[in-house]
Every structure is written in structure tokens, then in C-alpha cells.
1. Quick one: which helices (runs of 4 or more DSSP H) lie wholly within segment 2-68 and hold at least 1 residues that are modelled with pLDDT under 80?
2. A97 is checked against (1) under 24 Å from E123 (Cα atoms); (2) at pLDDT below 95 and fails just one. What number does that condition carry?
3. Would you confirm, using the coordinates I've provided, whether L85 is in contact with an Asp or Glu (Cβ under 6 Å, 6 or more places away or on another chain), surrounded by 12 or more Cβ atoms within 10 Å (Cβ to Cβ), at pLDDT 75 or above and in a helix (DSSP H, G or I)?
4. List pairs: first residue in segment 95-116 and in contact (Cβ under 8 Å) with a residue 12 or more places away in the chain and under 16 Å from Y54 (Cα atoms), second residue in a helix (DSSP H, G or I) and of a type in the set (K, R) anywhere in the structure, Cβ distance under 7 angstrom, at least six positions apart or on different chains.
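The values are calculated or read from the model by the stated rules, or taken from the named source; none is laboratory data. Model, not experiment: these values are computed from the prediction. Using ideal geometry, Cβ is built from the backbone for each residue, glycine included, and neighbour counts are taken over all protein chains shown.
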Amino acid sequence: SEGDLVAAASRVVAADGARRLRYDEGYQDGLRVREDAVRADPRNADKKVEVARYLILESENRGEAVEPRRAVETYRWQLSREAELERAVRLADEALAAKPDHARGSIWKAMALDGLGRGGEAEALAEKGVALAHDDAAKSVREVSATVSSRRAVAGRPRASQESPIRKRTSGSAG
């Protein structure tokens, strides 16, 4: 009956609502998890960069206008957008001090600097980060290629490029 359906739907909504977090609770929980990871391993540059990334991405998300003519309702307390971006810069600096060739650290610091209106610094740092990321990606591709080639050689199989269906298709030998 309709009454049973409404009762069942009400139970589902109540059960789901018990776990649901408001935006500010979700934000605080996400920040706490990342900060706990840094506290557990304070020398880990990746974990510091992850906190900086989270702060940068969340710095703009302070609330929303529920209705077009209403003021913005804030989700969470925030000293200021600039304070969060400055904190992200400090965290990225700590990561880069520990690991100067950290591509993501350079890129996320550049994002924070750009958000603070320091475009000149940001541009140079972003270029460095992209170059480092490109070098890291190229190195990773070479490592994977060498590993695959050595595994194929051990197994006595031809290289992947020799048996590629794509290569056959593009050369016209496949129907």
C-alpha cells in the first residue's frame, strides 16, 4: 500500500541521514585525515602536497546561494581564502625543501601563488613543475617499457610492437 511505501522510504532516508555529513563536517574530516597522515610521516613530501592540494581546491568553496536573490550561506568557518592559500604555499615549501624535484609540489605551489595574485612566481614554478612531471612520466614510461621487454624476453615472446593488432590494422595487413 501507499502507506507502507512511504514508511519504507522514510526509514531509508532516516538511515542514510544518520551517516550524512554536512559540507563543513566533510571538509573538516577530509582535512583531518590528510593532516593525520602528515603527522604520522612528517618527512613525506607527497603527504604535505596532498594537504596543500586539498586546501587550494577547497579555498573557493565557502558556501552557496540557495536561492538566486539570497546571500551566500557559508558552509564552514574560514579565516580567509588568502590564509588558506598561504598555508598551502608553506606546506608546498616544506615538501620542496624535503624533495626539491617534487613535480606536484611545484605545480600546486604555483596554483596557490596564482590564487594569491603572484602570477610571475607562479608561472616560473609551474613551468618547472611541468618539466619535472614530464621527466617523471618519461622515466616511468622507460621503466615500464624495459620491464615489459625483459619479461617478454624471458618468456621468449616477441616484443609488443611486433604483435600489436593496432600496428597490423594501420599497416593494412589486417582485414
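1. The helices (runs of 4 or more DSSP H) meeting that bar are 2-19, 23-40.
2. (2)
3. Taking the combined requirement at face value, the residue does not satisfy it.
4. Going by the 7 Å Cβ cut-off, the qualifying pairs are A95/K48; S106/K128; W108/R53.
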